[in-house]
Ligand code: GBH
């Protein structure tokens, strides 16, 4: 019906940022090298059934040793920014003395990027809490928020002369709620109130760190949220509409509202009142959390179709079918179900619906007058890629996904949303958390036996899109 023009032919705003994203625990490996201590994901991976095939982040894709090669690949693709995360237990093992060898790795990474003409975008927390802090309660312990601020300040002292773009948290919904209430992510707890405590303390940690980073002179400070449209299965059915409202609250508004407005949504407070959520929020917290930010990172992969009616047994889409006991990561709304729609899906079984990304961006712009500039900090898809006899990976599905989602971003921009950049997830195939290494999101293929990197056809397509966008701008 609507013939897509292809992202390469779009007009992109001046200065639009083209990047790729990764996370420390997913790519670095070297889990016990050069003084790094254990993260909660190292520990979680030892629990039987927690991770597909019993895999672990221990070896990653050896980025710790292949960093210069990986930066050279980024340069060859024409990326202008690279979003990576720092492993807290690598730079501050056991929350004790700073680890010079760990800091040196990130210092070398930043220098390598800058000399390749690539802007480093540093994320402080992409889910790998030091296990020693988990042993004192992890994110359910309010004190961890203050430890996080110390970590942010120390890292700024080490890298702040060269890193201008700082992101406090990646997807706090996942690390707080899926980690402490759902049990599919580290530390694998299944307690609704723990999930809410972890969420509130991460919000607090964000506010404390954002204020410190600005005070120390950081130029750009933001946070990345995973935002998901909750689509009511039957939009004329009050039960389905209430299910969608509840999920929109716990997935989206319980994050956006305190961060941008300094208040939890009233309906969310009602949904979780029986879990004594209010007792977690102390006077002054919301003012701290509502710290000024320079950008909001949006990670988006898929919509979810939701219902409040019981269904025959269905999985929660997007969560690994773990062999450990788990529960629904929706504190206060555990009855929600996910009827399947007739939409194509990726290897994650996630629906493909690019217009959902446009709808999400337009909705953010309409609902939040306080909204700072947006960056798509993650978007991408997993497929069962294989290197062909010609030595290439012909990932046509990923190319379609990429083009269609970039088109959706371009349409949102045309409709007035201030989106300033796009980071594809991910640069490399990597450790996909509870799914292990089998789900390949990379635009660059990794042979897990040899660690050899091969740019897929999608990487070449992305390089082409970036090149055309830049050429068009140079002409204008
Ligand atoms: C991102 O998270 C991560 O940032 C990244 O590390 C990861 O590799 C990448 O995406 C690909 O998975 O039904 O409430 O349980 C994943 C985004 C958002 C997908 C939550 C699963 C399930 C919501 N996730 N979603 S719920």
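Just name the residue that is modelled with the lowest pLDDT out of those in region 339-384 that are over 21 Å from residue 412 (Cβ atoms), under 22 Å from the mean Cα position of the chain (by Cα) and part of a loop (DSSP other than H, G, I, E, B).
So, considering only residues that are over 21 Å from residue 412 (Cβ atoms), under 22 Å from the mean Cα position of the chain (by Cα) and part of a loop (DSSP other than H, G, I, E, B), the one modelled with the lowest pLDDT is 349.
Can you tell which of 263, 279 is free of Cβ contacts under 8 Å to residues at least 60 places away in the same chain, more than 16 Å from the ligand (Cβ to nearest atom) and part of a helix (DSSP H, G or I)?
279 is the lone residue from the list that is free of Cβ contacts under 8 Å to residues at least 60 places away in the same chain, more than 16 Å from the ligand (Cβ to nearest atom) and part of a helix (DSSP H, G or I).
Give the residue that is nearest to residue 466 (Cα to Cα), with candidates limited to residues of region 403-418 that are touching a residue at least 60 places away in the same chain (Cβ under 8 Å) and surrounded by fewer than 23 Cβ atoms within 10 Å (Cβ to Cβ).
Among them, the one singled out is 403.
Within region 92-159, which helices (runs of 4 or more DSSP H) (wholly inside it) include 1 or more residues that are over 30 Å from residue 277 (Cβ atoms) and over 21 Å from the mean Cα position of the chain (by Cα)? It would help to see each step written out before you state the result.
On the way: elements: 100-115, 131-134, 143-159.
Fully inside region 92-159 and qualifying: 100-115, 143-159.
Does residue 295 satisfy the criteria of being surrounded by 18 or more Cβ atoms within 10 Å (Cβ to Cβ) and near the ligand (Cβ under 10 Å from one of its atoms)?
No: the conditions fail for residue 295.
Can you name the residue in region 385-403 that is touching a helix residue (DSSP H, G or I) at 6+ places or on another chain (Cβ under 6 Å) and part of a loop (DSSP other than H, G, I, E, B) and, of all such residues, is farthest from the ligand (Cβ to nearest atom)?
Ranking the candidates gives 394 first.
Given the conditions (1) touching a helix residue (DSSP H, G or I) at 6+ places or on another chain (Cβ under 8 Å); (2) free of Cβ contacts under 8 Å to residues at least 40 places away in the same chain; (3) crowded, with 20+ Cβ neighbours inside 10 Å, which single one is not true for residue 252?
Condition not satisfied by residue 252: (1).
List the number of the failed condition for residue 325; all other conditions in (1) within 20 Å of the chain's Cα centre (by Cα); (2) over 23 Å from residue 411 (Cα atoms); (3) more than 14 Å from the ligand (Cβ to nearest atom) hold.
(1)
Would you mind stating whether residue 319 is more than 14 Å from the ligand (Cβ to nearest atom), more than 14 Å from residue 231 (Cα to Cα), crowded, with 16+ Cβ neighbours inside 10 Å and under 18 Å from the mean Cα position of the chain (by Cα)? Break it down stepwise before answering.
Details: more than 14 Å from the ligand (Cβ to nearest atom): no; more than 14 Å from residue 231 (Cα to Cα): yes; crowded, with 16+ Cβ neighbours inside 10 Å: yes; under 18 Å from the mean Cα position of the chain (by Cα): yes.
Against the criterion (more than 14 Å from the ligand (Cβ to nearest atom), more than 14 Å from residue 231 (Cα to Cα), crowded, with 16+ Cβ neighbours inside 10 Å and under 18 Å from the mean Cα position of the chain (by Cα)), residue 319 does not qualify.
What number goes with the only condition from (1) farther than 18 Å from residue 176 by Cα; (2) part of a strand (DSSP E or B); (3) within 16 Å of the ligand (Cβ to nearest atom) that residue 221 does not pass?
All conditions pass for residue 221, except number (3).
List the number of the failed condition for residue 141; all other conditions in (1) more than 24 Å from residue 226 (Cβ to Cβ); (2) out of contact with any strand residue (DSSP E or B) (no Cβ under 9 Å at 6 or more places or on another chain) hold.
(1)
Looking at (1) within 23 Å of residue 72 (Cα to Cα); (2) touching a helix residue (DSSP H, G or I) at 6+ places or on another chain (Cβ under 9 Å); (3) buried (at least 24 other Cβ atoms within 10 Å of the Cβ), find the lone condition where residue 129 falls short.
(1)
May I ask you to say which residue of 88, 41, 18 is under 21 Å from residue 460 (Cβ atoms) and buried (at least 21 other Cβ atoms within 10 Å of the Cβ)?
18 is the lone residue from the list that is under 21 Å from residue 460 (Cβ atoms) and buried (at least 21 other Cβ atoms within 10 Å of the Cβ).
Of all residues being more than 19 Å from the chain's Cα centre (by Cα) and crowded, with 20+ Cβ neighbours inside 10 Å in region 235-249, which is nearest to residue 336 (Cα to Cα)? Just the residue, please.
243
For residues that are over 21 Å from the mean Cα position of the chain (by Cα) and part of a loop (DSSP other than H, G, I, E, B), scanning just region 438-470, find the one that is surrounded by the most Cβ atoms within 10 Å (Cβ to Cβ).
456
Looking at the structure I just gave you, is residue 264 within 21 Å of the chain's Cα centre (by Cα), modelled with pLDDT of 95 or more and under 28 Å from residue 372 (Cβ atoms)?
no
The values are calculated or read from the model by the stated rules, or taken from the named source; none is laboratory data. As the structure is a computational prediction, the values presented were derived from the model and not from experiment. Neighbour counts are summed over all protein chains in view; Cβ atoms, including those assigned to glycine, are modelled from backbone coordinates with ideal geometry.
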